[in-house]
Every structure is written in structure tokens, then in C-alpha cells.
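Comments concern the structure below.
Values in this text are rule-based calculations from the coordinates and carry no lab data. Note that the structure is a prediction, hence the values are computed from the model and not measured. Glycine also receives a Cβ, built like all others from the backbone with ideal geometry; neighbour counts cover every protein chain displayed.
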Amino acid sequence: AVVSTQSTGKNLFVSYWHICIIMADIVLIGAGFLKFLVDIEERYYFDSCSLLLGIGVWLSYLGLLRYLVFDKHYSMLLNTMVAALPHLARFLVCVIIISLAFILCGWLILSPYCTKFATFWVTMETLFSLLNGDDMFATFSLVKTNPGILSQQLIGIFSRLYLYSYVCFFIYVVLSLCISIVEDAYTVVSNYKSDSCPWIQDASVLPEFATCWEVNLRQRRGSARSRGKSNASIKSKPRV
């Protein structure tokens, strides 16, 4: 309790919105300096200037969101993201490990037979595209093997099993669980007793919000258990 109170007290002196604004100003100042060099015929800095300018504009527009956090109805998306981020980060640790397993496996085995698995980064982009439903048939058809060679026949069978298992696991399991975590956060945010969501402005109310989250989960588990017990009692009753 002492550690959490101390960390909460430290967070009270930190405004993430001010950090975002300061970073935007620094980046835009750097972009303005590089633009000055570009204007004096230093074309070498054009790409760096455009990169810093784009990042600075992006951070500046993100800073406008701080005016919406005073009413949860206008900042429901932001509040839900902040509430779901800790649980989503823990969930993604396991997802990243499984994703690396699929990426390395596909790269090492299928790289000689398909251009979409030629390198590590290309394999990662291919699997991410499959996760969003892009070019599924093209990916299956581009895996070229010689049916007259037994080893390549096994590679062809493995490629189908590999792609089927990846698509089924990540689309039907991983994405569904990720959506469930976000929906839980949205339920807690929408049922919060205050009209505003102060955990974005004041870190001292985070323990209260965490308690609300746990209470919501316990209620859902309790209702699920009660439904299971009622169904079991109905099944156990003798039929007349």
C-alpha cells in the first residue's frame, strides 16, 4: 500500500498532456530549422524535415484530446483505451511470443518456396496481412512446390496446415479475446459513477477505478457460476 501510494503521489506531478505538447514543440522547432536549411539549397535534409514536421503535427493534434477528458461522453474512446491498456499489454506479451514462433517457423521453412516469406520482415508483413484478411488465396497459391519430390510434397502439406492454423488461431481466438478485453473496459468506463473520467487527469483515483474493474469482473463471474449451478440443478432433477 505504501509503495502504491508513493507511486501515485509521484504521478500527480506528471502531466502526460504537457509532455506530449513539449515533445511536439521540440519536434516542430527541429523541423523549422531543417526547413531553413532546405530553403538555402540543402536538399539533403528534405526527408528529415518532412518526417519531423509530420510527427510534430501528429503530436499537436493528439494534444487537443486533453480538452475532451472532462466529460466521459466525449472521450469514451480515449477513456476506454487508457482503462484497457494494462490488461491489453499483459495479454499482448503472450501474443507476441506466439507470433514470433509463427514468423520464424514460416521464414525458415517456406522462404525458398514463396516470395512472401523471403525475409523475416516480409514474413511478418505477410502474416499481419493474413490477420486482416488480405490476399489469403494469393498467399496459399504462391507457395510453389514440386509434387514429384516427396520432401516438397511434405512442404506443401505443411504450408497449408501452417497457414490454416495461423489464420484460425489469430482470427478466431486472439482477436476475439482482444475485443473482449476492450469491451470489459468500455463497460467499466460507461458504468463509472462520475460524469467525468478523472483517472486520465488525476492518478490518485486509479486504485478506485481498479476496484471498480475487479468488482465488475467478480459480478460477471458470479453470475456465470450461478447460471451454471442452476443449469446443473435443472439437469439433476428427476423426470416425472
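The table below lists the values:
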| item | result |
| --- | --- |
| Point-to-point label distance, His73-Ser15, nm (Cα→Cβ direction, 7 Å offset) | 2.7 |
| Whole-Hz ³J(HN,Hα) from phi, Karplus 6.51 cos²θ - 1.76 cosθ + 1.60, for region 15-25, glycine and proline x | 10, 5, 5, 5, 4, 4, 5, 5, 4, 4, 5 |
| Environment charge at Leu52 (Cβ cut-off 14 Å; Lys +1, Arg +1, Asp -1, Glu -1) | -1 |
| Full-stretch length increase - Leu85, Ala118 - with 0.36 nm per residue and alpha-carbon distance subtracted | 8.5 nm |
| Sequence-separation-based contact order of region 52-161, relative, with Cα cut under 8 Å and 6+ spacing, percent | 14 |
| Gyration tensor (alpha-carbon) shape descriptor, region 57-130, a/c threshold 1.5 | prolate |
| Linear extension gain, Tyr61 paired with Leu175, 0.36 nm per residue minus alpha-carbon span | 38.2 nm |
| Protection-proxy order for peptides 26-38, 164-176, each taking the mean of Cβ atoms within 10 Å per residue, highest first | 26-38, 164-176 |
| Label-point gap, in nm, between Ala138 and Asp25 - each point 7 angstrom along Cα→Cβ | 4.7 |
